[in-house]
Amino acid sequence: MKTYRIILLSSLVSVATLCSAQKKKPKKTLEQKSVEMTTKLSKEVKLTKEQQVQIKAIYLNFLTEKEALDNRMKELKKAKKKKVDEILTDEQRKKREELKKKKKK
């Protein structure tokens, strides 16, 4: 009986440790990402300071535009879903949601 308690306790500690270790890191800013990308490339190909400044600006511009496109895609998907939902019956919407849940599993 004592062994089961020890095993149970150690299992709970392990699970708690794993859960706390899986917490999401704070999201990096676009500026931070562009610096990381530039630093990585600089180490790989030995960029000059002038090249680093220019390339960082390119990366920052790229990331900014990409984020805007990603947001626009989310808006488009939401609008598409809303329009489709307006056409479907309640039963069809329910069925579609069930299928989506199954697909995610």
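Could you list, in sequence order, the residues of region 55-105 that are more than 30 Å from K33 (Cβ to Cβ) and of a type in the set (V, I, T)? Residues satisfying the conditions are V84, I87, T89.
In this structure, is R5 in a helix (DSSP H, G or I), among the charged types (D, E, K, R), at negative phi and at pLDDT below 95? The answer is yes for R5. Can we say K102 is without any contact (Cβ under 8 Å) to a residue 24 or more places away in the chain and assigned to a helix (DSSP H, G or I)? So K102 fits the description; yes. L47 fulfils the conditions (1) assigned to a helix (DSSP H, G or I); (2) free of Cβ contacts under 8 Å to residues at least 24 places away in the same chain except for a single criterion, (1). Residue by residue through region 78-89, note down the ones that are exposed (fewer than 10 other Cβ atoms within 10 Å of the Cβ) and either at pLDDT below 95 or not in a helix (DSSP H, G or I) (or both). The one that is exposed (fewer than 10 other Cβ atoms within 10 Å of the Cβ) and either at pLDDT below 95 or not in a helix (DSSP H, G or I) (or both): T89. Listed by first and then second residue, the pairs with beta-carbon distance under 8 Å, at least 6 apart or on different chains, first residue in region 56-77 and assigned to a helix (DSSP H, G or I), second of a type in the set (D, E) and at pLDDT below 95, form an empty list.
The values are calculated or read from the model by the stated rules, or taken from the named source; none is laboratory data. Here the structure is a predicted model, which means the values were calculated and not measured. Positions of Cβ are backbone-derived with ideal geometry, glycine not excepted, and every protein chain shown enters the neighbour counts.
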